[in-house]
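Everything below concerns the one structure shown next.
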């Protein structure tokens with residue numbers, strides 16, 4: 001006598017497969033969403049760090065016979081934010097502060113979700129500030145989920161005892177994830 005085995009899955013086997021699949025999805029999906037949000041937030045921090053470095057270099061460089069110059073205000077650029085990152089050349093004609101972005105030699109090779117601003121707190125060249133006094137503010141604002149509520153990141157720069165431009169305090173964040 002031959003025993004016949006039926007092809008297929010029993011109810012118990014299907015329940016076990018469903019349970020394992022549910023557990024895997026319960027772990028993977030929240031991690032994926034968190035990583036996606038974190039990558040969006042990291043853009044602002046990375047670009048503000050680069051912008052700080054470029055503005056500090058501009059301040060320290062000689063401008064003819066003068067030194068310690070601050071560029072004109074720039075931004076917000078791009079004029080609009082986007083939930084999806086968009087390619088923008090900040091030094092292009094029509095971009096708010098294009099001449100300043102170009103003077104800073106700011107080259108961003110990544111698509112942007114935020115709009116960026118440089119707000120000098122002193123004007124022109126031969127700028128002199130006391131150590132610890134604020135020199136400029138860098139700002140990034142963006143609507144990461146399209147709900148109209150903006151996340152804002154700010155970095156303030158001061159001058160240290162040796163006359164170097166340094167970040168003041170921590171990166172200010174309002175509504176990080178909206």
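The values are calculated or read from the model by the stated rules, or taken from the named source; none is laboratory data. Because the structure is predicted, anything quoted here is derived from the model rather than measured. FYI the Cβ positions are ideal-geometry reconstructions off the backbone, even for glycines, and counts take in every protein chain you see.
A few remarks follow.
- Annotation: of all residues in the stretch 81-100 being part of a loop (DSSP other than H, G, I, E, B) and touching a strand residue (DSSP E or B) at 6+ places or on another chain (Cβ under 7 Å), the one that is surrounded by the most Cβ atoms within 10 Å (Cβ to Cβ) is 90.
- Unique match (being under 19 Å from the mean Cα position of the chain (by Cα), at pLDDT 90 or above and outside any loop (DSSP other than H, G, I, E, B)) among 42, 53: 53
- Test: residue in the stretch 142-164 that is within 27 Å of residue 66 (Cβ to Cβ) and modelled with pLDDT under 80: no
- Applying the condition of being surrounded by fewer than 12 Cβ atoms within 10 Å (Cβ to Cβ) and either touching a strand residue (DSSP E or B) at 6+ places or on another chain (Cβ under 8 Å) or touching a residue at least 60 places away in the same chain (Cβ under 8 Å) (or both) to the stretch 101-135 and asking which residue is nearest to residue 64 (Cα to Cα) yields 126.
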